[in-house]
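For reference, the structure is listed below as structure tokens.
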């Protein structure tokens, strides 16, 4: 057997052994499961809003689907900065420097809060023009603007949740964030049911009620999380002094170097998603409604791999903080093996939604449901690429500080491949929506091959802390 082939086989077997290692599996499950549950519970707000509002009509679900995409852009900008900060926090923890990990948490929270405040003001002032980008239907524009104004206040508490949750995961307290998220989800479900339809003596506010329910439940979740951090005296409970010292001793520069590309990458990706919604909305209200129906299913599936990628970031970041590159490589291969296996199972679940989608959206017309069924078949087949990309980019490359490369890949695959292709199919050729949805996901296929090649070269494994 040639030496290079033998080396590849040996490396592959090492990854399989690591994937079966009990300590590895325990570490993966301990972080990934609570984060997955938290992400699913956060995503369930969108699902609940879509299912409830679908009973009001096609215009309502189209409006809330697009309106949630507008706010989603801002949420990903803050979440990206929080994830970038988590890379530094994880490496400080891996090196045993708890004080600087706390300062990194402080700086991350301040920066994400500033981004959130700016975005909140923009959404509040320009809600109607933002919705009008996607449709000329005056009713959909009016409903969408109502929802954006109602829900935009949740951006600031979401920034606090993102920063504190990222820090808690790095210190092994991921279960706490999941518990707080559960309380928020239950509160949201209760309030949304009451405010959308007018139960328990409350007026029926429709889409505005869904937005207010999201705002109230997110504020409650943020208060619970902050209360836990400070009442228990957790290691990430920072003070004003930690913020000042964090900016003085160069931690902000480290977070900016890693977090800014992550935030820009996340924002670029979210803007691309918004661009897809605009293009689909220009094709028709029915198409926009189908996209709004499929998005919650996709978000639920993605939540699984947010957990896996977060665990990957914590494990790989800690290993790099310990300067153990060989272990980092074995961990990376094992994480990719697990991602591929879970992705296949998730894809099968998405394919099965073809049969039960009508039960979920029983207020939607049969023609719209038929298009949505065909679209989830496309989603099931392309989801493997998306799942692998989440772990590769969000988990491995970002943990090694390779965030500028991730930003470049995201910009290229989305704006040079998927957006032009989607525009061509919607504005010029006017093909059936499932093919449009395949064009939207063309970026995932291109991104998989580019980023996968980067991982195999191992140049992304960098130590970022002293």
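Return the residues of segment 106-141 that are assigned to a helix (DSSP H, G or I), more than 24 Å from the chain's Cα centre (by Cα), more than 17 Å from residue 73 (Cβ to Cβ) and touching a residue at least 12 places away in the same chain (Cβ under 8 Å); say none if nothing qualifies. Show your work before the answer.
First, the residues of segment 106-141 that are assigned to a helix (DSSP H, G or I): 106-125, 127-132, 138-141.
From what is left, the residues that are more than 24 Å from the chain's Cα centre (by Cα) are 125, 128-129, 132, 138-141.
Right, trim to more than 17 Å from residue 73 (Cβ to Cβ) and you get 138-141.
Once the filter is applied, which keeps residues that are assigned to a helix (DSSP H, G or I), more than 24 Å from the chain's Cα centre (by Cα), more than 17 Å from residue 73 (Cβ to Cβ) and touching a residue at least 12 places away in the same chain (Cβ under 8 Å), segment 106-141 yields 139, 140, 141.
Would you check if there is a residue in segment 397-405 being farther than 29 Å from residue 322 by Cα, at pLDDT 80 or above, touching a helix residue (DSSP H, G or I) at 6+ places or on another chain (Cβ under 8 Å) and part of a helix (DSSP H, G or I)? There is no residue in segment 397-405 that is farther than 29 Å from residue 322 by Cα, at pLDDT 80 or above, touching a helix residue (DSSP H, G or I) at 6+ places or on another chain (Cβ under 8 Å) and part of a helix (DSSP H, G or I). All of 369, 424 fail the test of being in contact with a helix residue (DSSP H, G or I) (Cβ under 9 Å, 6 or more places away or on another chain), at pLDDT below 85 and over 27 Å from residue 340 (Cα atoms), apart from 369.
Counting residues in segment 189-206 that are farther than 28 Å from residue 129 by Cβ and under 22 Å from the mean Cα position of the chain (by Cα) gives one or more.
Within the bounds of segment 94-105, is there any residue that is touching a residue at least 24 places away in the same chain (Cβ under 8 Å), surrounded by fewer than 20 Cβ atoms within 10 Å (Cβ to Cβ), within 22 Å of the chain's Cα centre (by Cα) and assigned to a helix (DSSP H, G or I)? Checked against the condition, which is being touching a residue at least 24 places away in the same chain (Cβ under 8 Å), surrounded by fewer than 20 Cβ atoms within 10 Å (Cβ to Cβ), within 22 Å of the chain's Cα centre (by Cα) and assigned to a helix (DSSP H, G or I), segment 94-105 yields no hits at all. For segment 3-42, name all the residues that are surrounded by 20 or more Cβ atoms within 10 Å (Cβ to Cβ) and at pLDDT 70 or above. 18, 28, 31, 32, 34, 35, 36, 37, 39, 40, 41, listed by residue number.
Summed over segment 424-451, residues that are touching a residue at least 60 places away in the same chain (Cβ under 8 Å) and surrounded by 14 or more Cβ atoms within 10 Å (Cβ to Cβ) total 14.
Working carefully through the options 364, 376, 349, find the one that is touching a residue at least 60 places away in the same chain (Cβ under 8 Å) and assigned to a helix (DSSP H, G or I). Lay out the reasoning, then the answer.
Working: 364 fails: assigned to a helix (DSSP H, G or I); 349 fails: touching a residue at least 60 places away in the same chain (Cβ under 8 Å).
Step by step, each of 364, 376, 349 is checked, and only 376 is touching a residue at least 60 places away in the same chain (Cβ under 8 Å) and assigned to a helix (DSSP H, G or I).
Please verify whether segment 406-423 includes one or more residues that are touching a residue at least 40 places away in the same chain (Cβ under 8 Å), surrounded by fewer than 17 Cβ atoms within 10 Å (Cβ to Cβ) and not in a helix (DSSP H, G or I). The answer is no, given that none of the residues of segment 406-423 is touching a residue at least 40 places away in the same chain (Cβ under 8 Å), surrounded by fewer than 17 Cβ atoms within 10 Å (Cβ to Cβ) and not in a helix (DSSP H, G or I). Taking every residue in segment 306-324 that is at positive phi and at pLDDT below 75 and pairing it with any residue that is surrounded by 24 or more Cβ atoms within 10 Å (Cβ to Cβ) and not in a helix (DSSP H, G or I), at least 6 positions away or on another chain, yields no pair with a Cβ-Cβ distance below 8 Å.
The values are calculated or read from the model by the stated rules, or taken from the named source; none is laboratory data. None of the values given here were measured: they were computed from a predicted structure. No Cβ is skipped: glycine too gets one built from the backbone with ideal geometry, and neighbour counts run over all protein chains shown.
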